[in-house]
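Colleague: Sharing a structure below in structure tokens format, with a few things to ask.
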Amino acid sequence: MVSIVGAGPGDPELITVKAMKRIRQAEVILYDRLVNEELLEDAPREAERIYCGKAPGRHAASQEDINRRLVAYAMQGKRVVRLKGGDPFVFGRGGEEALALAAAGIPYEVVPGITSAVGAAASASIPLTHRGLAASFACVTGSRCHEDGSPVRWDLLAHGVDTLAIYMGVSQMPYIREQLLQHGKAGSTPVALIEQGTTSRQRTFICTLENMHDLAKAVKLGNPALILLGEVVRLPEQLALLERSVSTRIG
């Protein structure tokens, strides 16, 4: 049996009860780079822990190798947990692992997790949807900007959704900016850059589509970071004004 488990967006307290149960039952855990390693402390002491992280340009293991290991450990009768940052089916390649397991006749389950678009936005007090401002949102990866097979349709995303959450887009920020502006997205569109969302190291920067790359360079924005575009990015400022107003009246 293999459990493909979402560890959530970084804060270890945001993991689900079911996911934590699977960690505590595991005999083998294959975990990713963005998994908070505090979660591994809840695994049995004798459980084997295998790092399979993928950093930009540095992969501890190929996806094919990970698939083979999952099958091999399961065929040994082990209780295997594949622990992935965020949600395993949102840019987590969990679907590929499920296909590999199914092809080998290995039973598996998927335990969802909070994806970073939801977790990081909430930790920055930015609602992905808000009545009167945003009735839709889309999640897109920035890591496929230059792929020939299935290019990201920036022409549709520029006007087809109200809030845009871009994963893995830091290194491609100039291209993303260029594409959105070219397809008619206003340069004044509010943008939030959220680094290390939900963790104690979170940094949030508010800017516009026009100047987001300059700001990212100035603050040395690093991975992992989420790029949020849309009018909902203005909400934290309104919340702060209201909170100061209430505090002044109470004081």
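Colleague: Quickly run through the stretch 157-168 and pick out the residues that are in contact with a strand residue (DSSP E or B) (Cβ under 9 Å, 6 or more places away or on another chain), in a helix (DSSP H, G or I) and open to solvent by 20 Å² or more (accessible area, probe 1.4 Å).
Modeller: Leu157, Gly160, listed by residue number.
Colleague: Out of everything in the stretch 22-44 that is farther than 19 Å from Leu226 by Cβ and outside any helix (DSSP H, G or I), what residue ends up being most open to solvent (accessible area, probe 1.4 Å)?
Modeller: Glu27
Colleague: Here is a further query. Is there any pair with a first residue in the stretch 200-226 that is closer than 20 Å to Gly184 by Cα and in a strand (DSSP E or B) and a second that is open to solvent by 40 Å² or more (accessible area, probe 1.4 Å) and among the acidic types (Asp, Glu) whose Cβ atoms are under 9 Å apart and which are 6 or more apart or on different chains, and what are they?
Modeller: Cys207/Asp214
For every residue, the table says whether it meets (1) β-branched (Val, Ile, Thr); (2) open to solvent by less than 40 Å² (accessible area, probe 1.4 Å); (3) farther than 18 Å from Phe137 by Cβ; (4) modelled with pLDDT of 95 or more.
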{"site": "Glu178", "(1), (2), (3), (4)": "no, no, yes, yes"}
{"site": "Ala186", "(1), (2), (3), (4)": "no, no, no, yes"}
{"site": "Pro190", "(1), (2), (3), (4)": "no, yes, no, yes"}
{"site": "Glu195", "(1), (2), (3), (4)": "no, yes, yes, yes"}
{"site": "Val219", "(1), (2), (3), (4)": "yes, yes, yes, yes"}
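Colleague: Evaluate the stretch 92-109: report whether one residue or more is closer than 20 Å to Leu228 by Cα and at pLDDT below 95.
Modeller: Yes - at least one qualifying residue is present in the stretch 92-109.
Colleague: Right, another one. Scan Ser171, Ser150, Ser123 and give me the residue that is modelled with pLDDT under 95, within 30 Å of Leu39 (Cβ to Cβ) and open to solvent by 20 Å² or more (accessible area, probe 1.4 Å).
Modeller: One residue alone meets the criteria, Ser171.
Colleague: For the stretch 17-61, which positions are in contact (Cβ under 8 Å) with a residue 60 or more places away in the chain and basic (Lys, Arg)?
Modeller: Lys18, Arg22
Colleague: From the list Ala19, Ala47, exactly one residue is open to solvent by less than 50 Å² (accessible area, probe 1.4 Å) and more than 12 Å from Lys84 (Cα to Cα). Which is it?
Modeller: Ala47
Colleague: Go through the residues of the stretch 73-96 one by one and say whether even a single one is in a helix (DSSP H, G or I), open to solvent by less than 30 Å² (accessible area, probe 1.4 Å) and under 20 Å from Cys139 (Cβ atoms).
Modeller: Yes, there is a match, as at least one residue in the stretch 73-96 is in a helix (DSSP H, G or I), open to solvent by less than 30 Å² (accessible area, probe 1.4 Å) and under 20 Å from Cys139 (Cβ atoms).
Colleague: Also: Got a number for residues in the stretch 169-186 being part of a loop (DSSP other than H, G, I, E, B) and either in contact with a Lys or Arg (Cβ under 7 Å, 6 or more places away or on another chain) or farther than 23 Å from Lys220 by Cβ (or both)?
Modeller: Here the count works out to 4.
Colleague: Further, regarding this structure: Could you figure out which of (1) more than 16 Å from Ala121 (Cβ to Cβ); (2) modelled with pLDDT under 95; (3) in contact with a Ser or Thr (Cβ under 6 Å, 6 or more places away or on another chain) isn't true of Ile250?
Modeller: (3)
Colleague: Evaluate the following for Arg82: is it farther than 21 Å from Asn223 by Cβ, touching a residue at least 60 places away in the same chain (Cβ under 8 Å) and not hydrophobic (A, V, I, L, M, F, W, C)?
Modeller: Criteria met by Arg82.
Colleague: So, in the stretch 1-16, exactly how many residues are of a type in the set (Ser, Thr, Tyr) and either farther than 15 Å from Ala43 by Cβ or open to solvent by 30 Å² or more (accessible area, probe 1.4 Å) (or both)?
Modeller: 1
The values are calculated or read from the model by the stated rules, or taken from the named source; none is laboratory data. Since the model is a prediction, treat every value here as computed from it, not as a measurement. Don't worry about glycine lacking a Cβ; one is built from the backbone with ideal geometry, like all the others, and counts go over all protein chains shown. Accessible surface is based on the protein model in full, side chains and every heavy atom, while ligands, DNA and RNA are left aside. Shrake-Rupley method; radii C 1.70, N 1.55, O 1.52, S 1.80 Å.
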